[in-house]
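To start, the structure under review is shown below, and the notes come after it.
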Amino acid sequence: MKGKNSGVLPKLISILLTFIQIIIVLYILLKFFGANDTPFVSLLNGLSEPILQPFTGIFHPVVFNGHSLDLSAVFALIVYSAIGFGLQKILAVLRLK
């Protein structure tokens, strides 16, 4: 597995993970601050729905002075980050062999 292309898969995983993390963080922030339904917010909701769907309803949102923190989305961010980190470590170990 060594060679020129041995680092392509970890880079793709890193890019995908970063994209997923950015989408989830933006979703959490926009929900927390009660963003209006603009085209950007609609686009972000459309992108985040399939990513967050497996985690929907795991936790109830927490409300702070009228600001709602979606704990299910926070949990999804943690899970996706852990999975991405684990995949990158597994690939790093496999490349050493």
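The values are calculated or read from the model by the stated rules, or taken from the named source; none is laboratory data. This is a predicted model, so every value here is computed, not measured. Here Cβ is always computed from backbone atoms with ideal geometry, including for glycine, and neighbour counts include all displayed protein chains.
Scoring residue 84 on the criteria (1) within 11 Å of the chain's Cα centre (by Cα); (2) modelled with pLDDT of 95 or more; (3) surrounded by 11 or more Cβ atoms within 10 Å (Cβ to Cβ) leaves a single failure, condition (2).
Hey, could you check the range 22-55 for residues that are in a helix (DSSP H, G or I) and charged (D, E, K, R) and say which is nearest to residue 81 (Cα to Cα)? This residue is 49. If you go through the range 19-41 and keep only what is modelled with pLDDT under 95 and touching a Gly at 6+ places or on another chain (Cβ under 9 Å), you end up with just 34.
Yes or no, residue by residue, for (1) surrounded by fewer than 10 Cβ atoms within 10 Å (Cβ to Cβ); (2) of a type in the set (A, V, I, L, M); (3) out of contact with any His (no Cβ under 6 Å at 6 or more places or on another chain):
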| site | (1), (2), (3) |
| --- | --- |
| 25 | no, yes, yes |
| 32 | no, no, no |
| 54 | no, no, yes |
| 76 | no, yes, yes |
| 89 | no, no, yes |
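In summary, residue 58 fulfils each of the numbered conditions (1) within 22 Å of residue 85 (Cβ to Cβ); (2) surrounded by 14 or more Cβ atoms within 10 Å (Cβ to Cβ); (3) over 12 Å from the mean Cα position of the chain (by Cα) with the single exception of condition (2).
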